[in-house]
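Taking it in order: structure first as structure tokens, then the write-up.
The values are calculated or read from the model by the stated rules, or taken from the named source; none is laboratory data. Predicted model, so just to flag it, every value in this text is computed and none were measured. Backbone-built Cβ (ideal geometry, glycine too); neighbour counts: all protein chains shown. These accessible areas exclude ligands, DNA and RNA; they are computed on the full protein's heavy atoms, side chains included. Shrake-Rupley method; radii C 1.70, N 1.55, O 1.52, S 1.80 Å.
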Amino acid sequence: MKQNKILLVAASALLLASCGGGGGRPTFGDNEYPVVEVGTSSAAMQTSYPATIKGVQDVQISPKVGGFLTKIHVREGQNVSAGQTLFEIDNATYQAQVRQSQAAVNTARTQLNTAKLTFENSKQLYENKVIGDYELQTSENTYEQAKAGLAQAEAALASAKEALSFCFVKSPATGVVGTLPFKVGALVGAQNVLTTVSNNSAMEVYFSVNEKVALDMSKTGNGLNEMPSVKLQLADGTIYEQEGKVTKMSGVIDASTGTVQLIALFANPNRLLKSGGSGNIIIPRDNNAAIVIPQSCVTEVQNKKFVYTLGKDNKVQYTEITVDPQNDGNTYVVTSGLKVGDKYVTNGITKLSDQMEIVPITPERYQQKIDEQAKAMSAGDIVNAMK
């Protein structure tokens, strides 16, 4: 007897639980099913795109001259300023060239001074008719040649100093130092990248959209200016605290993928974003005429989704629908298969079959009958079973 009571209570509980979901319906003793008419409502949707994070200015640092690396003045991840020295390359040869060029300048300057004195003296002698035109012109030519020699020596000195400055590799921008693949003593040249300096005060996030989406953006006129702010989902699944703005769109469609690249700009005050990182760009979409239905009234067979629609003869039809891939876990936004004015069954769909005739009722009446049956059972069978 006790076992029968337990079975009765369990059966009652299962019946009550099945009343509220889409998988079952209470036993009303008739063929009544709740039916609603398709309408429209507002739906806040979002689209996600894989993205790559880069600094606004990522500069590869390579030396202009070759030689042995003698000093490294920075460490990985260090913040540096524009013009700050990062590396030193063996410069003994270049210093010798500077000294040699400086000596050549001194010699040329001395020769110029001598030529100048000679020319000035020759002018006095010419005025006193001591020498002729030939001697004066020769003295002037020697003076001009000395001036040219000094200019040439000074140019060689400037070139030597510039070559020496190349041994001190400086940062062209303010930013963060990347990896340091070479150690002190390594032989490096112009083909080697010593590090990368990334300006990460703001970050550019690269992502791609298909041609249709890009075309829709272009048709809006000022497409990028009218785009809403976007969000960035980080690699750990969290949403970055700063919102971004799409600032650039490529003018060329990638023939291999059929996509167009866009760039969104994000402020990075806390330096949380790192150049080379990955994430997902999330773009919000507002649909003011969306067809939204509960997921509980949808069945899925081989990745296809179906609902039972109601015909004029009160017979249900197994109807395939397509939905937006983005959903909130409770509802679907229908993109095709249903239109405004159609009617569909909301509960008890597991008991239905195609072309089955039903008696349509409102969801309110359906819930009322559920409450009435639950009340009757709790006042009768359930109470008696617990005695």
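Contact order normalised by length for the chain, with contacts defined as Cα pairs under 8 Å and 6 or more residues apart; what percent is it?
Details: 717 pairs, mean separation 110.1, N = 387.
Reported relative contact order: 28 percent.
Identify all aspartates and glutamates with a Cα-Cα distance to LYS212 below 19 Å; exclude those on the same chain that are fewer than 8 residues away in sequence.
GLU226, ASP254, ASP286, ASP324
Residues of segment 45-74 with backbone nitrogen within less than 15 Å of a virtual label 7 Å along the Cα-to-Cβ line of LEU265, please, listed as ranges.
Those under the cut-off are 54-58.
List the residues, sorted by chain then number, that are 5 or more residues from LYS305 or on another chain and whose placed amide H is less than 5 Å from its amide H.
Excluding prolines and chain starts, which carry no amide H, the hits are ILE321.
Can you list the trypsin sites (Lys or Arg not before Pro) in segment 286-368 that are in a DSSP coil and have 13 or fewer other beta carbons within 10 angstrom? Could the numbers behind the result be given before it?
Details: sites: LYS304, LYS305, LYS312, LYS315, LYS339, LYS343, LYS351, ARG365; in loops: LYS312, LYS339.
Counting only loop positions with at most 13 other Cβ atoms within 10 Å, the trypsin sites (Lys or Arg not before Pro) in segment 286-368 are LYS312, LYS339.
In degrees, nearest 10, range 0 to 90: what is the angle between the Cα axis of helix 133-165 and the longest Cα principal axis of the chain?
So the inclination is approximately 30 degrees.
Roughly how tilted is helix 363-379, in degrees to the nearest 10 and between 0 and 90, from the longest Cα axis of the chain?
60
Take every Cα pair under 8 Å in segment 257-387 that's 6+ residues apart, average their separations, divide by the length, and report that relative contact order as a whole percent.
Relative contact order, segment 257-387: 21 percent.
Check MET45: other-chain or 5+ apart residues with amide H under 5 Å from its amide H, H built from backbone geometry?
Amide H neighbours of MET45: ARG285, ASP286, ASN287.
THR179 to SER201: FRET efficiency via 1/(1 + (r/R0)^6), r the Cβ-Cβ distance, R0 30 Å, to the nearest 0.05?
Details: r = 20 Å, r/R0 = 0.67.
FRET efficiency, THR179 to SER201: 0.90.
If you build a Gaussian network model of the chain, linking Cα atoms that sit under 10 Å apart, which residue out of SER201, SER275, SER165 swings the most?
Comparing SER201, SER275, SER165 in the GNM, the peak value goes to SER165.
Cα convex hull of segment 262-387: mean projected area in nm², to one decimal? Don't skip to the answer; put the middle values down first.
Working: hull surface 62.1 nm².
Taking a quarter of the hull surface, the average projection is 15.5 nm².
For segment 120-244, which whole-number percentage of the solvent-accessible area (1.4 Å probe, protein heavy atoms only) is attributable to carbon and sulfur atoms?
Carbon-and-sulfur percentage of accessible area, whole number: 51.
What number, rounded to the nearest 500 deg cm²/dmol, is the helix-based mean residue ellipticity at 222 nm of the chain, given -39500 (n - 2.57) per DSSP H run of at least four residues and division by all its residues? Walk me through the numbers on the way to the answer.
Details: 7 runs with 122 residues, N = 387.
Rounded to the nearest 500, it is -10500 deg cm²/dmol.
Choose one answer from GLY39, GLY132, GLY83: the residue with the largest mean-square fluctuation in a GNM of the chain with alpha-carbon springs under 10 Å.
Checking each option, the largest mean-square fluctuation is seen for GLY132.
With a 1.4 Å probe and all protein chains left in place, how much accessible area per residue does the chain have, in Å²?
Working: 22450 Å² over 387 residues.
With the other protein chains kept in place, the chain gives 58 Å² per residue.
Along the positive direction of the dipole of the chain (beta-carbon charges: Lys, Arg +1; Asp, Glu -1; about the Cα centre), which of LEU310, GLN78, GLN242 reaches farthest?
The residue sitting most towards the positive pole is GLN78.
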